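Here's the structure we're looking at; comments come further down.
Each reported figure results from applying straightforward, stated rules to the coordinates on display, with no laboratory input. Worth saying up front: this structure is predicted, and the values here are computed from it rather than measured. Here Cβ is always computed from backbone atoms with ideal geometry, including for glycine, and neighbour counts include all displayed protein chains.
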Amino acid sequence: MSGVLFRLLARGPGLWLEAGGRGEKAGTPKEQSLLAILLLSPNKAVSVDKISDHVWDESPCRASRETIERYVTKIRGRLRGLFGDRVKIIGKQGTYRLETAPETIDVHLFDLRRREAIAAERQGCLERAIKLYREAEGLFDGEPLSGFTSAWAREVRQDLEEKFFQVRKRRTALQVRLGRYDEVLDELADLVEQRPDDHVLVGNLMTALAATGRRADALKAYRRHRDHLVETQGIEPDRSLRELQRRILQGDGDVTGAGRRKVPGPCRLPADIPHFVGRKAELEQVGIVLADRPGGGVVVIEGMPGVGKTALAVHAAHRLAADYPDAQLYLDLKAHDRTSPPLTPRVAITRLLAMLGDTQARPSLSLDELSARWRARMADSRALLVLDDAAGLEQVRPLLPADPEHWDGLVIVTTRDRVEPRGVRRIPLGTLAADEVAEMWHHLTGERLDPALRRRLWSGCAGLPLAVEALARRGGVPGGDPHRPIREVCEAVERSYRRLTPERQRAFRRLGLLPGDDTAMDVATQVIDPTAQDPRAEIAALARSHLVDLAGEGATERVRLHPLIRAAAAELARNTETTGDIRALGSRVLRHYLRTAEADDGALFPHRWRMISLSDRERFTRPTVADAFAWFEAEWRTILSLAKYAAEHEWQAECADLMHLVAEYLDFRGRHAEAAEGHERAVRACRDIGDRLGRARALLDLAFARFRTANCEEAVNHLWAAQRIFSAERRPREIGRCLELHGLVRWSQEEHRRALALFEDAEEYYRKAGDRKGVADTLRHKGMAKWSTGRYPDAERLFDEALGIYRELGDRIGEMKALTGKGHVAQHMARHRDADRLFRESSAIYRELTGEENHAILDHNQGDLHKYKRRYETALECYERALCSYRSAGNRRYEAEVLNAIGEACLGLGRTNEALEHFKRAQRLAEEISCRSQLARALVGLADIDRELGRHEDATRLYMDAHNLARTIDDLRQLALIIDRLAHVRLDEDHRDEARWLWWEARYLYRQIGLHAFAEEIDLKLKMLGDRAFDDK
């Protein structure tokens, strides 16, 4: 136990930390509860909502994210002080993850020893198993989670206490088996008193008493057990106990039965699966059943056709066969057999009895007689039974032992139907992961795939094992359409389809005609039949058959199909539905999405540039902003799939309209690569039908997406093409839009003067068209250009002008962006409190629109604030979270900025090697995306390291490289900072006059851009050199 750092199994009330042989409490009760939640799931992300629910016990006064973050910060400090880097808490996207070796937590060490003991027991290493069980028990020192009072803690406590009881039960059973009766008599009596109805404990107690000459006490224990069962449950003792009582009464010297040689029972399992891969979690779940119950019980593996249920059941049975020596049986119940009907219970029992050698059983006997015969054979046996392809638990129930909970055998059932988990362990089976698919392919073909072929294989099978087998038999990774129908999968799906009612068959076929795999319930019901009495009930029935999945509830409920299941359904539809019906269905879905997208886009972005018109009769009522955002969040992938479907099925205008309506949302959420692909398709669709204005609109949307993905020259080409069409059509608003986007492209390339000129032209066109939203956007973009060159007062004035117009229009998104711009200005002018306030105001609008926190902006700014105050450790935590957010959104410019900030914080902590690594990463990324401002910043950071290490010549060279870059982009703030640092290098080399002139130059630049606090710092430096401060006159 010397390696245990965290004690939850009761050193005393609460959670204890072990450091240097002494223990101390892990903070306040709330801090202890929060840490305990993370400790029970080490190295796994735990959501803030889950923490809040568990710690605050689902009370109305749940904790905010900020409250939890404060607790986490305190816990981090305590853990760092005690354990250094051995334990870390990582925050990421609304979750926290505690990183440590699980063995440092007593709960997980207990579970590890418990599982090792069970494995040793199964391998026949009984002495080792007893030793491991004792080690597990030794970790308990009273009541687990003592002092924790929440409902969550009570549930965990009960589970741990039950596992502790089972460990004692299994260990005492092994001691009885080894004949160590005196060691366990008192303990067995105590355990039986706690669980008087447990026939295994009573049997072990009776055996120990009889074997030590206390037969009368053994019989008395049996009578107490029988009286208890009759009084509380109205049943007789287990058959094995009755047999033990009989042997004791007869004076049988071999009360344990060890002298009777056991003949191994029949094994009727199919051969194990040679290409079996993955399924570690599911196999562990079967193992958990066995670890938590003496024998096993009933495990139900359920899932869609072709997902590998039989393979898992057979593989698990082979792994566990040694634990069930009396029989290992397999029976195919044929619920989905191509040629035979499902087995009736009478036929099934007859076949099982025949496997056991019972030649008298016939299907002609009554079900009651056959069941009695079967259950009698199973009553005292440790048997393993695999019941494959069941129609459901009703088909299986007559085949189960009379009392599965107290039976020493294990039943594994596979079914395509969803079952209720009462009395069984339900294991839903999903698809394989991409690396497991590649491994399975290697087992089947001997071929190792390169990354590109792996991706193609994954696209072709979407993780379905049956599809992998089928493609391997064909001998090649699929190309072309990744989700085209696969014959073997279609046949497997059709066998499920044949069991459906005609109404459900129609529902399934029509769902297959949807262009996406994930659809809102209201759309799915329209597809099936808008006039049907209860289409939701039909879809629910398909979900129970694992042909579709349901997610969410109420207005957010969705219907999901595996891509290959959907392809099979579509194939059935093409063979059954008429061409007219299919066409009408597609048109109905397209119109529904167009009308909904138009309404939701109008609600979410009421003032944005939009070129689309629907008649008043066609328009849906606009929803609330929150509902509109939620709809786009759920549907954007479906809209992209639908646009692709429309383009391929002669609905080109609808394809272009859908992409235009989703464009602003995709940009707002950073889905730039997906947007670009869809807009390219819209451009081609408009060209095919000769729609010039539609093509110009799509080119403009495409140009913006290309700008966002840093394909700037391509963006400019699209803008010129669009502007030519709009100019010919004399559309000033659209021309202004083209010029504005062109300005943004030049701004991103740090051509700030050219960008400003383009923004000026765009503003003029917007004013001519009377587009106040466009005017506000250009003012804001001009502010960005001014801020990027260090003209902060001008930038702040422009942001204020834009903010006024946005507020006048009620444009909350524009207001949010203007506040963010003002925040950046305040941040660069070292007004960090103002910046924090402005970013929080901006994030509040983001939260109002999306229901989420804008963590990237908040974390980035909070990191800068902590860095400014020299709280570098806290700054690093904020930067790491911001870095994750920027990477997920693909925002490489801000990623480079945060890498530089991390380097600066590491340098502040004296961690030179880490700083060097981050500056170099920022340098490489800035070079890749041609971002000269961040490249200059990275070079400054590298120069700072050289200066600190006394390498003045290298530092000067890097500072000068950064200086030249800053001059090319006219960034006065960056120039002043670099010149300031160069002055320090010259002073370090004792060139005081050069340092003095450089500081004068830096001071002048700081004054010019309004950074007076920085200028005053240089005044102090000059005074140290003997100069007096002077005004700029």
>> Of Met440, Trp458, Val523, which is farthest towards the positive pole of segment 436-527's charge dipole, taken about the Cα centre with +1 and -1 on the beta-carbons of Lys, Arg and Asp, Glu respectively?
In response: Val523
> Which of the GluC sites (Glu not before Pro) found in segment 533-614 are in a DSSP loop and have at most 14 neighbouring Cβ atoms, other than their own, within 10 Å?
Replying inline: Glu553
> So what are the three principal axis dimensions of the chain from its Cα atoms, in whole Å, longest to shortest?
Replying inline: 119, 79, 55
> Which Cα, out of Gln749, Ala966, Leu699, lies furthest along the positive dipole direction of the chain (beta carbon charges, K/R +1, D/E -1)?
Replying inline: Leu699
> In which sequence would Ser545, Ser366, Ser587 go, from the one with the fewest C-beta neighbours within 10 Å to the one with the most?
Replying inline: Ser366, Ser587, Ser545
> With the Cα gyration tensor of segment 183-261 giving a ≥ b ≥ c as the square roots of its eigenvalues, does the rule (a/c under 1.5 for rounded; else a/b larger than b/c for prolate; else oblate) give rounded, prolate or oblate?
Replying inline: oblate
>> Please state the shape class of segment 318-378: rounded when a/c is under 1.5, otherwise prolate if a/b exceeds b/c and oblate if not, all from the C-alpha gyration tensor.
In response: oblate
> Can you list residues whose amide H is under 5 Å from Cys267's amide H, if they're 5+ apart or on another chain and H is modeled 1.01 Å from N?
Replying inline: Gln328
>> Could you sort the peptides 122-131, 196-205 by per-residue average Cβ neighbour count (10 Å cutoff), highest mean leading?
In response: 196-205, 122-131
> If we sort 513-519, 778-784, 435-441 on the protection proxy, mean other Cβ atoms within 10 Å, highest first, what's the order?
Replying inline: 778-784, 513-519, 435-441
> Between Glu994 and Leu82, what length comes free when the chain is fully extended (0.36 nm per residue of separation minus the Cα-Cα distance, one decimal in nm)?
Replying inline: 323.4 nm
> Dipole of segment 280-428, Cα-centred, from +1 at each Lys and Arg C-beta and -1 at each Asp and Glu C-beta, to the nearest 20 debye?
Replying inline: 260
> Pulled fully out, how much extra length does the chain show between Asp435 and Asp954, if you take 0.36 nm times their separation in residues and subtract their Cα-Cα distance?
Replying inline: 182.2 nm
>> Please compute the modelled spin-label separation between Arg870 and Thr912, points set 7 Å along Cα→Cβ, answer in nm with one decimal.
In response: 2.0
> About its Cα centre, what dipole magnitude does the chain give when the only charges are +1 on Lys and Arg Cβ and -1 on Asp and Glu Cβ, stated in debye to the nearest 20?
Replying inline: 1020
>> Need one word for segment 534-634: rounded, prolate or oblate. Basis is the Cα gyration tensor (sqrt eigenvalues a ≥ b ≥ c); a/c below 1.5 gives rounded, then a/b vs b/c decides.
In response: oblate
> Mind ordering 905-916, 817-828 by average Cβ neighbours within 10 Å, highest first?
Replying inline: 817-828, 905-916
> Per residue of the chain, what 222 nm ellipticity follows from adding -39500 (n - 2.57) for every DSSP H run with n ≥ 4, rounded to the nearest 500?
Replying inline: -21000 deg cm²/dmol
> Among all the lysines, which ones have a C-alpha under 27 Å from Lys768's C-alpha, if same-chain residues fewer than 8 places away are not counted?
Replying inline: Lys782, Lys786, Lys817
> For the residue pair Arg180 and Glu557, what label-to-label distance in nm results when each label sits 7 Å from Cα along the Cα-to-beta-carbon direction?
Replying inline: 5.8
>> Order these by the 10 Å Cβ neighbour count, fewest first: Arg456, Arg224.
In response: Arg224, Arg456
>> Projecting each Cα onto the charge dipole of the chain (Lys/Arg +1, Asp/Glu -1 at the beta carbon, about the Cα centre), which of Gln123, Pro345, Met1024 comes out farthest on the positive side?
In response: Pro345
> How far is helix 712-728 tilted, in degrees, relative to the longest principal axis of the Cα atoms in the chain, given as a value from 0 to 90 rounded to the nearest 10?
Replying inline: 70
>> Spelling out what I want: for every residue of segment 240-248, take phi, set θ = phi - 60°, compute 6.51 cos²θ - 1.76 cosθ + 1.60 (Karplus), and round to whole Hz; glycine and proline get x.
In response: 5, 5, 4, 5, 5, 4, 4, 5, 5
> Which angle between 0 and 90 degrees, to the nearest 10, do you get for helix 832-850 versus the longest principal axis of the chain when only C-alpha atoms count?
Replying inline: 60
>> So, R0 is 51 Å and r is the distance between the beta-carbons of Arg588 and Arg924; what FRET efficiency does that work out to, to 0.05?
In response: 0.50
>> Restricting to bridges with both residues inside the chain, how much of the DSSP beta-bridge set is antiparallel, in percent to the nearest 5?
In response: 45
